[in-house]
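Below: the structure, in structure tokens.
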Amino acid sequence: MKFIFIVFTLTLVSYTKGFAQEWLPLLEQVADDEESEEASQQVVDLLSELAQQPIDVNTASREQWQQLPFLTDSEIDGILEYVGRYGPVKSLGELAMVPQIDCLKRQLLTHFVVINKPVVDGKRFPRLASILRYGHHLLMATARIPFYERQGDQNGYLGYPFRHDLRYAFSYGQRLQAGVIGAQDAGEPFFSNRNKMGYDFYSFYVVLRDIKCLKALALGRYRLNFGMGLVLNNSFLLGKAWASAAMGANRNAIRPHASRSQANYLQGAAASVDVSRNLQLTAFLSLRDIDASLNDDGSIATLVNSGYHRTTSEMDRKNNSSQFTAGMNARLAASHYSVGATALYTAFNRDLHPDIASLYRRHNARGREFCNIGVNYALLLGPLSFHGETATSNGGAFATLNRLAWQVNAKLNLTLLQRFYGMKYVALLANSLSDGGHVQNESALYLGFDWKPSRRFSAQAYADLAYHPWARYQASLSSHSLDCFSKAAYSLNNNWQLVARYRLRRRQYDNNDKTHLIWKTEHRARLAAIWQTDALNLRTQLDFTQSTFRTRSRGWMLGEHAVWTLRRSTKLAGNIAWFHTDDYDSRIYVYERGVLYDFSMPAFYGEGIRYSLMVSHQFGKHLSLTGKLGVTDYFDRSTMGTGYQQVNGSSMTDLLLQLRLKL
């Protein structure tokens with residue numbers, strides 16, 4: 001019965017324009033190679049939702065443009081000024097006339113905007129009959145099937161070896177979004193054990209927008225972000241390359257949790273109300289079960305966000321604790337300034353008592369109740385823009401982040417960013433720019449620039465110098481870190497483009513005896529040549545990495561990526577890459593094209609070859625099927641992975657299927 005149900009869900013298919021997420025390779029050009037999978041997936045989920053509801057270039061308001069997290073204030077101003085001065089845009093190619101928008105941003109925008117979108121919204125909230133008539137339904141099933149066996153599949157995991165999920169979404173323009181998602185990770189029980197209702201995880205949401213003074217109302221599971229994220233941001237965070245320019249520019253946001261991720265969401269209700277033309281109030285309540293590892297006395301030792309429930313011990317942690325969250329935000333905004341305040345209260349049903357024997361855990365969150373208050377502010381003065389936030393937590397510890405951007409001219413933008421996160425500052429739902437991965441124990445200065453001297457050439461670079469006054473993981477003393485990044489792109493003509501990027505990271509860690517700190521230095525470089533026509537896209541890419549710590553290791557990868565449009569209804573995508581690294585420290589991250597709502601940037605190390613083929617076919621107007629077969633062959637090992645994830649062999653083959661129906 002269970003197998004029949006799975007097969008049935010995998011026979012549901014939908015409409016798509018070629019491959020889904022054509023924007024992901026563009027986003028990857030400036031993505032952070034070491035962003036966590038969870039952080040990367042949050043960005044992909046958000047942009048996937050925005051791509052399903054593109055905005056009209058000619059009628060979009062500033063607030064609608066600000067929904068796109070990769071656009072800066074100056075870029076939005078440039079688009080609005082162009083439309084206001086020269087009238088309606090006739091084609092997306094006209095975006096090339098906006099000097100603030102470079103080639104990469106123009107290509108990205110084409111996946112999130114349209115020209116002359118039919119108006120189904122109106123000033124009043126539509127009637128039910130209109131919603132049912134003009135709304136859109138999306139039904140989608142995705143499955144990953146491994147052609148190998150893990151150790152846990154033989155003895156240890158409670159469920160099947162494949163991962164699958166089912167998604168239904170309904171939307172009516174920007175006014176109404178509703179949906180439900182059921183998700184299952186490989187190894188988790190399905191319709192058995194404690195998952196009697198089928199999937200291991202369900203997410204449900206309803207979001208209404210623009211009902212008179214009610215700007216947004218979310219019911220079910222949702223995400224929020226305010227200010228610079230020092231108090232609350234569980235929505236998304238781009239890497240340093242873009243977050244420095246765009247962070248703080250987006251208005252307060254309530255978004256649905258339309259994701260299979262089981263972490264960093266709120267459950268309950270949230271509402272934003274326009275009290276007056278310039279004043280907006282947001283209030284939210286949340287009560288949700290969470291996973292935690294417990295101490296012998298029943299207190300919480302560690303909050304667990306992996307979402308895995310494959311073994312008996314993982315299943316015992318499922319929903320064994322609860323978290324209550326409540327708060328408010330007030331925001332006063334005018335054309336050239338804004339100021340806001342956020343208050344957040346979080347409480348657990350158990351005391352949080354982490355093990356603080358290790359020095360780097362000494363200031364981890366402890367207790368049962370936590371409070372945060374933050375003030376965010378922005379000032380726009382022509383070519384200058386200033387955004388910032390200052391926040392406090394229990395015990396008076398504070399954090400502050402401030403960004404000054406200067407649009408020198410249409411070709412050059414400079415960014416200076418300062419941040420200080422106290423070692424005792426605790427904000428459980430904070431997420432902002434950092435080098436240590438947490439809004440805590442960090443003081444840093446960031447300087448970056450974007451330079452677009454011509455339509456064919458663009459360059460971007462930043463340097464981020466950070467100091468950590470308290471111990472960190474594998475660093476028992478106060479330490480420093482340095483992160484430098486540069487990227488240049490040159491278009492030879494309409495078909496050829498060359499891209500080069502380089503990143504240097506230096507961090508201090510303990511020596512073998514833990515008596516003093518030594519530097520770990522990492523170099524990562526990439527060269528890519530891209531050739532594209534309407535029917536064929538080829539990308540040749542060479543990656544190089546070098547890591548120096550106690551020893552020196554190097555690695556490289558040479559790959560070819562191709563996308564071929566056979567006809568309007570069928571596309572093929574394939575890649576093959578040969579990699580060779582000395583060890584894990586010299587691993588290489590490479591983005592691999594996937595299906596909608598699926599992000600893959602695996603790390604390769606050792607010696608081997610990776611190749612994959614993806615096929616997408618559209619059946620009529622509403623149906624499509626996408627399949628991807630990927631293989632990794634290692635030449636230097638007879639087993640892969642450890643523990644329950646160990647595979648006895650040197651090759652791994654996975655089949656990814658996605659079938660969709662859109663009406």
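Mind checking which residues of region 422-431 are over 19 Å from Leu303 (Cβ atoms) and either crowded, with 21+ Cβ neighbours inside 10 Å or among the charged types (D, E, K, R) (or both)? Even if it seems obvious, please write down each step before you answer.
We begin by selecting, within region 422-431, every residue over 19 Å from Leu303 (Cβ atoms); these are 422-423.
Within region 422-431, Gly422 is the sole residue that qualifies.
Condition check ((1) within 29 Å of Ser335 (Cβ to Cβ); (2) surrounded by fewer than 20 Cβ atoms within 10 Å (Cβ to Cβ)) across all residues:
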{"position": "Ala60", "(1), (2)": "yes, no"}
{"position": "Leu92", "(1), (2)": "yes, yes"}
{"position": "Gln107", "(1), (2)": "no, yes"}
{"position": "Val114", "(1), (2)": "yes, yes"}
{"position": "Arg127", "(1), (2)": "no, yes"}
{"position": "Phe147", "(1), (2)": "no, yes"}
Practice task
Might you check whether a residue that is among the aromatic types (Phe, Trp, Tyr), open to solvent by 20 Å² or more (accessible area, probe 1.4 Å) and out of contact with any Asp or Glu (no Cβ under 6 Å at 6 or more places or on another chain) occurs anywhere in region 181-190?
Solution key: no
Exercise for the section: Answer yes if at least one residue in region 149-159 is of a type in the set (Lys, Arg) and surrounded by fewer than 20 Cβ atoms within 10 Å (Cβ to Cβ), and no otherwise. Expected result: no
Fill in the blank from the handout: Scanning region 432-443 residue by residue, those open to solvent by 10 Å² or more (accessible area, probe 1.4 Å), within 16 Å of Ser393 (Cα to Cα) and out of contact with any His (no Cβ under 9 Å at 6 or more places or on another chain) turn out to be His438, Val439
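For region 649-663, what are the residues that are more than 30 Å from Gly173 (Cβ to Cβ) and either without any contact (Cβ under 8 Å) to a residue 60 or more places away in the chain or buried (at least 16 other Cβ atoms within 10 Å of the Cβ) (or both)? Give the derivation first.
Within region 649-663, the first condition is being more than 30 Å from Gly173 (Cβ to Cβ), and the residues that meet it are 649-657.
Selection gives Ser650, Met652, Asp654, Leu656, Leu657.
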Practice task
Give region 628-645 a look and list any residue that's under 21 Å from Gly559 (Cβ atoms), open to solvent by 50 Å² or more (accessible area, probe 1.4 Å) and not in a loop (DSSP other than H, G, I, E, B), or say none.
Solution key: Leu629
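Okay, residues lined up against (1) open to solvent by 10 Å² or more (accessible area, probe 1.4 Å); (2) under 24 Å from Ile356 (Cα atoms); (3) touching a Leu at 6+ places or on another chain (Cβ under 8 Å); (4) in a strand (DSSP E or B):
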{"site": "Gly448", "(1), (2), (3), (4)": "no, no, yes, yes"}
{"site": "Ala459", "(1), (2), (3), (4)": "yes, no, no, yes"}
{"site": "Tyr462", "(1), (2), (3), (4)": "yes, no, yes, yes"}
{"site": "Asp483", "(1), (2), (3), (4)": "no, no, yes, yes"}
{"site": "Ser486", "(1), (2), (3), (4)": "yes, no, no, yes"}
{"site": "Tyr490", "(1), (2), (3), (4)": "yes, no, yes, yes"}
{"site": "Asn494", "(1), (2), (3), (4)": "yes, no, no, no"}
{"site": "Gln497", "(1), (2), (3), (4)": "yes, no, no, yes"}
{"site": "Arg501", "(1), (2), (3), (4)": "yes, no, no, yes"}
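Yes/no per residue for (1) within 30 Å of Gly388 (Cβ to Cβ); (2) out of contact with any Pro (no Cβ under 7 Å at 6 or more places or on another chain); (3) modelled with pLDDT of 85 or more:
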residue	(1), (2), (3)
Gly182	no, yes, yes
Lys196	no, yes, yes
Cys213	yes, yes, yes
Leu238	yes, no, no
Practice task
Would you check if Glu389 is modelled with pLDDT of 90 or more, exposed (fewer than 14 other Cβ atoms within 10 Å of the Cβ) and either assigned to a strand (DSSP E or B) or among the hydroxyl-bearing types (Ser, Thr, Tyr) (or both)?
Solution key: no
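Tell me the residue from Arg539, Arg552 that is among the basic types (Lys, Arg) and out of contact with any Phe, Trp or Tyr (no Cβ under 9 Å at 6 or more places or on another chain), please.
Details: Arg539 fails: out of contact with any Phe, Trp or Tyr (no Cβ under 9 Å at 6 or more places or on another chain).
Matching residue, one of Arg539, Arg552: Arg552.
Is it the case, given these coordinates, that Leu625 is assigned to a strand (DSSP E or B), modelled with pLDDT of 90 or more, open to solvent by 20 Å² or more (accessible area, probe 1.4 Å) and not aromatic (Phe, Trp, Tyr)? Outline the logic, then answer.
Working: assigned to a strand (DSSP E or B): yes; modelled with pLDDT of 90 or more: yes; open to solvent by 20 Å² or more (accessible area, probe 1.4 Å): yes; not aromatic (Phe, Trp, Tyr): yes.
When the stated conditions are applied, Leu625 passes them.
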Fill in the blank from the handout: The residue that is modelled with the highest pLDDT, considering only those in region 527-585 that are open to solvent by 90 Å² or more (accessible area, probe 1.4 Å), more than 20 Å from Tyr509 (Cβ to Cβ) and among the charged types (D, E, K, R), is Asp534
Exercise for the section: Scan region 616-656 for residues that are touching a helix residue (DSSP H, G or I) at 6+ places or on another chain (Cβ under 7 Å) and either closer than 19 Å to Glu592 by Cα or among the aromatic types (Phe, Trp, Tyr) (or both) and jot them down. Expected result: Tyr644
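The values are calculated or read from the model by the stated rules, or taken from the named source; none is laboratory data. Keep in mind the model is a prediction, meaning the values are calculated, not measured. We place every Cβ from the backbone using ideal geometry, glycine too, and count neighbours over all the protein chains shown. Ligands, DNA and RNA are excluded from the accessible area calculation, which covers all protein heavy atoms including side chains. Shrake-Rupley method; radii C 1.70, N 1.55, O 1.52, S 1.80 Å.
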